[in-house]
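Below are the structure tokens for one structure; questions will follow.
Derivation of every value follows stated rules applied to the coordinates shown; laboratory data play no part. Computed from a predicted structure; not experimentally measured.
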Amino acid sequence: MLTSKQRAYLTGLANTLEPVIQIGKNGVGPETVEAAEEAFNTRELLKGSVLKTVEEDPRTCAAMLAERCRAELVRVIGRKFILYRPFKKDPVIVLPVRKGV
């Protein structure tokens, strides 16, 4: 679970990223999950978009993809979303520390 400070930090890092995942009219299918998994092999922070042809709510689609990829949904703005999954070994992105931990 991310704190609001961590979410803000990750959102700032994602500002310069281009979307690498697109959820199309088929929704969050196995192909989309596989593409996201491949992207997470080389990066920890991922930006995606939901096409206008999708009938489902973009927040629902992004949450479903995050759950299937075992990633954290950082933010959904309009039809764009940000997912975060740290590398198991040697994470590159260092999040601000929670107070009281």
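If you average 1/r over all unlike Cα pairs in the chain and invert the result, what Kirkwood radius do you get in angstrom?
13.9 Å is the Kirkwood radius here.
Still on this model: Would you kindly derive the ³J(HN,Hα) couplings of segment 4-15 from the backbone phi angles with the Karplus curve 6.51 cos²θ - 1.76 cosθ + 1.60 (θ = phi - 60°), listing them in order in whole Hz, with x for Gly and Pro?
5, 5, 5, 4, 4, 4, 5, 5, x, 5, 7, 4
Quick query: amide H of GLN22 versus all other amide H atoms, modeled in the peptide plane; which residues come in under 5 Å with a sequence gap of 5 or more or a different chain?
HN-HN under 5 Å from GLN22: SER49.
Just tell me which lysines come within less than 24 Å, Cα to Cα, of LYS52; anything on the same chain fewer than 8 places away is out.
Partners found: LYS25, LYS80.
Can you tell me what share of the DSSP beta bridges in the chain is antiparallel? A percent to the nearest 5 is fine.
If we restrict to bridges inside the chain, about 75 percent are antiparallel.
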